[in-house]
Amino acid sequence: MKFPRALGTIRQWHWISSAVCLVGMILFAFTGITLNHAADIKSEPYRVTLELDVSPGMLTLLQERSEGPLPLAVRRWLHDEHAIATPDTMAEWDEYEVYLGMPKPGGDAWLSVDLETGALMYESTDRGWISYLNDLHKGRNTNLAWSWFIDIFSVLCLVFSLSGLWLLSRYARQRPSTWPLVGLGILGPLILLILAAH
C-alpha cells in the first residue's frame, strides 16, 4: 500500500515542479542558444549621454562627503530633474571627482561629477533585449530577488529531473529503450567533453 502512495507523491512532485519551472526552462534554454551564438547575434547599443553642471547647493553637498553613496538630495534631484535613477550603493570618491557605476542587465550606466567645477557627465547604454535575457541567465548585474529565483529554480529543476529519473526506472520494463536513451544522455556530453579536451 505504501508504494502506490509514494508513486503518486513523486508523480505530483514531477508535474508540479515541471509546471513551476516551465517558463524558466524555456527562458534558460532560449538564452543558452543565444549565449552560445553571442558573436553571431548583431545588435547596435543605444546610448544616452548627458553633460550638465550641478547647482552650487548640490555641489556643496557633494564636496562635504568623501565616501558612501551619493547624498539623497542629489539622487532625488537627478531623478526628478533628469530621470536618472541612481542606486543607494557606494560611489568612488577622491579629492577631484565622484564616480558612480551603475551596471544593469543588458546594459551599463555611469555618472561622474567634477568636485571642483560641478561638471556632471552621465552615460547609459542599452544593448537590447537579447543581451538583457543573457544577463538574466548568468545572474549578471541582477538583484538579490533574482539570485533567489535562480537558486529556487535550480532546486526545482533537480526535483523535476530526479523525480523523472525515478519514474523512468519505475516504467523501464514497459519501455525497453529507456536505459539506452538515459545512457546516451550521459555518454553523449562526456564524449563531447573528452573530444574537446583532446
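The values are calculated or read from the model by the stated rules, or taken from the named source; none is laboratory data. Predicted, not measured: the structure shown is a model, and the values here were computed from it. With ideal geometry, Cβ positions are generated from the backbone for all residues, glycine too; neighbour counts draw on all protein chains shown.
Enumerate the pairs (first residue in the stretch 16-27 and assigned by TED's automatic domain parsing to the domain that holds LEU136 and over 15 Å from ASP151 (Cβ atoms); second residue anywhere and hydrophobic (A, V, I, L, M, F, W, C) and part of a helix (DSSP H, G or I)) with beta-carbon separation below 8 Å, excluding pairs fewer than 6 apart on the same chain, so at least 6 apart or on different chains.
SER18/PHE160; MET25/CYS157; LEU27/LEU133; LEU27/LEU136
Given the criteria touching a Ser or Thr at 6+ places or on another chain (Cβ under 6 Å) and either farther than 30 Å from SER163 by Cα or among the small types (Gly, Ala, Ser) (or both), does TYR99 qualify? Before the answer, list the steps.
Values: touching a Ser or Thr at 6+ places or on another chain (Cβ under 6 Å): yes; either farther than 30 Å from SER163 by Cα or among the small types (Gly, Ala, Ser) (or both): yes.
Yes: the conditions hold for TYR99.
Restricting to the stretch 9-49, name every residue that is in a strand (DSSP E or B) and of a type in the set (D, E, K, R). Walk me through it before giving the result.
Of all residues in the stretch 9-49, those in a strand (DSSP E or B) come to 46-49.
Listed by number, the list holds a single entry, ARG47.
So, in the stretch 108-146, of the ones that are among the small types (Gly, Ala, Ser) and assigned to a loop (DSSP other than H, G, I, E, B), which residue ends up nearest to the chain's Cα centre (by Cα)? Quick ask: steps written out before the conclusion?
Step one: of the stretch 108-146, the residues among the small types (Gly, Ala, Ser) are 109, 112, 118-119, 124, 128, 131, 139, 145.
Filter once more, so that each one left must be assigned to a loop (DSSP other than H, G, I, E, B): 118, 128, 139.
Working: GLY118: 34, GLY128: 14, GLY139: 3 Å.
Taking the candidates together, the pick is GLY139.
Please verify whether GLY68 is out of contact with any Pro (no Cβ under 7 Å at 6 or more places or on another chain), loosely packed, with under 11 Cβ neighbours inside 10 Å and of a type in the set (Gly, Ala, Ser), treating the condition exactly as stated. Give the steps one after another, and end with the answer.
Numbers: out of contact with any Pro (no Cβ under 7 Å at 6 or more places or on another chain): yes; loosely packed, with under 11 Cβ neighbours inside 10 Å: no; of a type in the set (Gly, Ala, Ser): yes.
No; evaluated as a whole, the condition is false for this residue.
Within the stretch 88-104, can one find any residue that is buried (at least 16 other Cβ atoms within 10 Å of the Cβ), assigned by TED's automatic domain parsing to the domain that holds LEU50 and within 19 Å of the chain's Cα centre (by Cα)?
So far as the stretch 88-104 goes, yes, one or more of its residues are buried (at least 16 other Cβ atoms within 10 Å of the Cβ), assigned by TED's automatic domain parsing to the domain that holds LEU50 and within 19 Å of the chain's Cα centre (by Cα).
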